[in-house]
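Enquirer: Got a structure here, written out as structure tokens. Questions coming.
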Amino acid sequence: MNIHEYQTKELLKGYGVPVPGGRVAHNVDNAATVAEELGGERWVVKAQIHAGGRGKGGGVKVASSLDEVRQFTDQLIGSHLVTPQTGAGGRLVQRVLVEQACDINKEYYLGLVIDRGSQRVTVIASASGGMDIEEVARATPEKVVRETVDPAVGLMAFQCRKIAANIGLKGKQIHAATKLMRALYRCFRDQDALMAEINPLAEVNGGQLMALDAKMSFDGNALYRLPAITELRDFDEEDPKEVEATGHGLNYIALDGNVGCIVNGAGLAMATMDAISFHQGKPANFLDVGGGASPEKVGNAFRIVLADPNVKIILVNIFAGINRCDWIAEGLIKAMQDQQIGVPIVVRLAGTNVEKGAQMLAASGLDFIMADNLDDAATKVMATLGGQGS
């Protein structure tokens, strides 16, 4: 789960991370009031969407008067902001963050991620702030500093001092950076975050370090114990199909292909997408119906997959252990009868009650394309599409 910049900064501020003064605004008058209350002569008006690269897309404006604050807010709210991370359609801007502008002397990058290789939280830092860290790592890997955190003791002060020195901080800044990094780590740990990023971490006002931009994402599996974080979720920023799937206990992620996938188990779902790709097809989604998929759950899965107009065929791949193939067959038949599905359906069943499930599908009189195994299923998908995978 992602949250907005202004929400991230409120979280970090609570842990002692220095952030600029500012508040979110939902309309022109509100933005002007925020700027007036903040005081000063310059303000930054920033579009709030769940995507990076807002500056490149024109989503960050520096205003030198209250009239410009109103003008920029009016331009941004209601617009579809296109950035390198949004795709051609962009994201609808519904709010802006109005902050005091700062004089920036130097920009750094600071982030925390979970390294799957070491299975530990890793600090990533660079003297090249304000840029995509992936590009910095690719072009100048020597400028990226990494430090692994031992979960038994947490992020230690000596590690923070080493990171600070390696990115060029000196003197009192090293102490300030140490305090900031440890505060960021505490927030990351306490809130079950998957990623926390400050970019840029800027040297402002004669040497003070401040988080000028920040974002965080959280472990969706931990939200049940984080009610305060759950309340920050913005459903308008998420794919409606993914939101609905969550409500039905389905794990769904929209992709850009035309082969709808309904599978039980995350590993089998990944293998199914790999098989489709191997046969030159393009999956339209990841969908895991889980281990106890009832007929109702299967029906909901069909409805969500078919909400994507790009879907031209559906591959149902079930290996029944906890599940039963006859349950799945019952759900398939009911979905076909209730939803008037107009695309071909390829079905591969294996496991518990597979013979009974296959008999139910055959006796239904409905036009299912049966497959013997996963490779056969992917082959039949592509043959039915006429070999056109996109």
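The values are calculated or read from the model by the stated rules, or taken from the named source; none is laboratory data. Only a predicted model underlies this, so the values are computations on that prediction, with no experimental measurement involved. All Cβ positions, even for glycine, are placed from backbone atoms using ideal geometry, and neighbour counts span all protein chains on display.
Enquirer: Filter the range 1-46 down to residues that are of a type in the set (Val, Ile, Thr) and more than 21 Å from Asn199 (Cβ to Cβ), then give me how many there are.
Expert: Residues flagged as of a type in the set (Val, Ile, Thr) and more than 21 Å from Asn199 (Cβ to Cβ) within the range 1-46 amount to 3.
Enquirer: Same structure again: Any residue at all in the range 263-277 that is of a type outside the set (Lys, Arg), in a loop (DSSP other than H, G, I, E, B) and more than 15 Å from Ile341 (Cβ to Cβ)?
Expert: yes
Enquirer: Filtering the range 318-346 down to residues that are aliphatic (A, V, I, L, M) and within 14 Å of Ala363 (Cβ to Cβ), which residue is nearest to the chain's Cα centre (by Cα)?
Expert: Ranking the qualifying residues of the range 318-346, first place goes to Leu332.
Enquirer: Test Asp308 against the stated conditions and say whether it is assigned to a helix (DSSP H, G or I) and out of contact with any Ser or Thr (no Cβ under 6 Å at 6 or more places or on another chain).
Expert: no
Enquirer: State which residue is farthest from Val354 (Cα to Cα) when the search covers only the range 311-328 and only residues that are part of a loop (DSSP other than H, G, I, E, B) and not β-branched (Val, Ile, Thr).
Expert: Lys312
Enquirer: Looking only at the range 277-284, decide whether some residue is at pLDDT below 90 and among the basic types (Lys, Arg).
Expert: no
Condition check ((1) within 17 Å of Val259 (Cβ to Cβ); (2) more than 31 Å from the chain's Cα centre (by Cα); (3) in the same structural domain as Asn264 (by TED's automatic domain parsing)) across all residues:
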site: Pro283; (1), (2), (3): yes, no, yes
site: Lys297; (1), (2), (3): no, no, yes
site: Ala301; (1), (2), (3): yes, no, yes
site: Asp308; (1), (2), (3): yes, no, yes
site: Ile314; (1), (2), (3): yes, no, yes
site: Met360; (1), (2), (3): no, yes, yes
site: Ser364; (1), (2), (3): no, yes, yes
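Enquirer: Still on this structure, I have one more. Which of the numbered conditions does Gly331 fail, given that it passes all the others? Conditions: (1) in a helix (DSSP H, G or I); (2) at pLDDT 90 or above.
Expert: So Gly331 meets the others, but not (2).
Enquirer: Here is a follow-up. For the range 174-187, check the following and say yes or no: at least one residue is over 29 Å from Gln85 (Cα atoms), among the hydroxyl-bearing types (Ser, Thr, Tyr), more than 25 Å from the chain's Cα centre (by Cα) and surrounded by fewer than 22 Cβ atoms within 10 Å (Cβ to Cβ).
Expert: Checked against the condition, which is being over 29 Å from Gln85 (Cα atoms), among the hydroxyl-bearing types (Ser, Thr, Tyr), more than 25 Å from the chain's Cα centre (by Cα) and surrounded by fewer than 22 Cβ atoms within 10 Å (Cβ to Cβ), the range 174-187 yields at least one hit.
Enquirer: Just a yes or no: is a residue in the range 209-217 of a type in the set (S, T, N, Q), touching a residue at least 24 places away in the same chain (Cβ under 8 Å) and either over 19 Å from Tyr109 (Cα atoms) or in contact with a Leu (Cβ under 6 Å, 6 or more places away or on another chain) (or both)?
Expert: Yes, the range 209-217 contains at least one residue that is of a type in the set (S, T, N, Q), touching a residue at least 24 places away in the same chain (Cβ under 8 Å) and either over 19 Å from Tyr109 (Cα atoms) or in contact with a Leu (Cβ under 6 Å, 6 or more places away or on another chain) (or both).
Enquirer: Kindly provide the set of residues from the range 19-74 that are touching a residue at least 60 places away in the same chain (Cβ under 8 Å), aliphatic (A, V, I, L, M) and part of a strand (DSSP E or B), ordered by number.
Expert: Passing the criteria: Val24, Ala25.
Enquirer: Looking at (1) over 24 Å from Val24 (Cβ atoms); (2) crowded, with 17+ Cβ neighbours inside 10 Å, can you tell me which one Thr140 breaks?
Expert: (2)
Enquirer: For the range 177-257, list the strands (runs of 3 or more DSSP E) that sit wholly inside it and hold at least 2 residues that are modelled with pLDDT under 90 and either out of contact with any Pro (no Cβ under 6 Å at 6 or more places or on another chain) or not assigned by TED's automatic domain parsing to the domain that holds Ile114 (or both); which are they?
Expert: 251-254
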